[in-house]
1. Specify the residue that is modelled with the highest pLDDT; the eligible residues are those in region 45-57 that are open to solvent by 80 Å² or more (accessible area, probe 1.4 Å) and assigned to a helix (DSSP H, G or I).
2. Which count do you get for residues in region 7-24 that are within 8 Å of the chain's Cα centre (by Cα) and open to solvent by 60 Å² or more (accessible area, probe 1.4 Å)?
3. Determine whether residue 69 is open to solvent by less than 60 Å² (accessible area, probe 1.4 Å), in contact with a Lys or Arg (Cβ under 6 Å, 6 or more places away or on another chain) and at pLDDT below 80.
4. Considering region 7-22 alone, what residues qualify as being out of contact with any Ser or Thr (no Cβ under 9 Å at 6 or more places or on another chain) and assigned to a loop (DSSP other than H, G, I, E, B)?
5. With open to solvent by 90 Å² or more (accessible area, probe 1.4 Å), of a type in the set (A, V, I, L, M, F, W, C), at pLDDT below 85 and not in a helix (DSSP H, G or I) as the only criterion, which of 42, 60 stands out?
6. Among the candidates 33, 25, 4, which residue alone is at pLDDT 85 or above and part of a helix (DSSP H, G or I)?
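The values are calculated or read from the model by the stated rules, or taken from the named source; none is laboratory data. If you're wondering where the values come from, they're calculated on a predicted model, not measured in any experiment. In this analysis, Cβ positions are derived from the backbone assuming ideal geometry, glycine residues included, and neighbour counts consider all displayed protein chains. All accessible areas refer to the heavy atoms of the entire protein, side chains included, with ligands and DNA or RNA removed. Shrake-Rupley method; radii C 1.70, N 1.55, O 1.52, S 1.80 Å.
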Amino acid sequence: MVNINYRLLPRVTLKIQVDDVLDGIIYINEQSIRLNVNPRKFFLASDTAGYLLSLAALAFDYVFPTTVYT
């Protein structure tokens with residue numbers, strides 16, 4: 001199991017939170033051998049806001065209106 005942490009509101013914007021999660025996903029993929037993770041079989045799960053951040057990070061070409069995170 002691998003955990004992805006992200007910075008919290010209100011200290012950062014929503015976009016930064018999504019970027020944190022996306023960076024974590026990229027890191028896991030790049031370090032999959034060292035972490036003993038099959039990159040073709042990993043999944044994301046959460047019982048908190050992290051779940052929604054994970055979905056947002058995986059959306060292709062995600063774009064949030066400026067008013068959401070300024």
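1. 52
2. Narrowing region 7-24 to residues within 8 Å of the chain's Cα centre (by Cα): 17-24.
Next cut, open to solvent by 60 Å² or more (accessible area, probe 1.4 Å) only: 23.
Selection size over region 7-24: 1.
3. Values: open to solvent by less than 60 Å² (accessible area, probe 1.4 Å): yes; in contact with a Lys or Arg (Cβ under 6 Å, 6 or more places away or on another chain): yes; at pLDDT below 80: yes.
Against the criterion (open to solvent by less than 60 Å² (accessible area, probe 1.4 Å), in contact with a Lys or Arg (Cβ under 6 Å, 6 or more places away or on another chain) and at pLDDT below 80), residue 69 qualifies.
4. Listed by number, the residues that qualify are 7, 8, 9, 10, 11, 12.
5. Numbers: 42 fails: open to solvent by 90 Å² or more (accessible area, probe 1.4 Å).
After ruling out the rest, the residue left standing is 60.
6. Working: 25 fails: at pLDDT 85 or above; 4 fails: part of a helix (DSSP H, G or I).
Going through 33, 25, 4 in turn, just one is at pLDDT 85 or above and part of a helix (DSSP H, G or I): 33.
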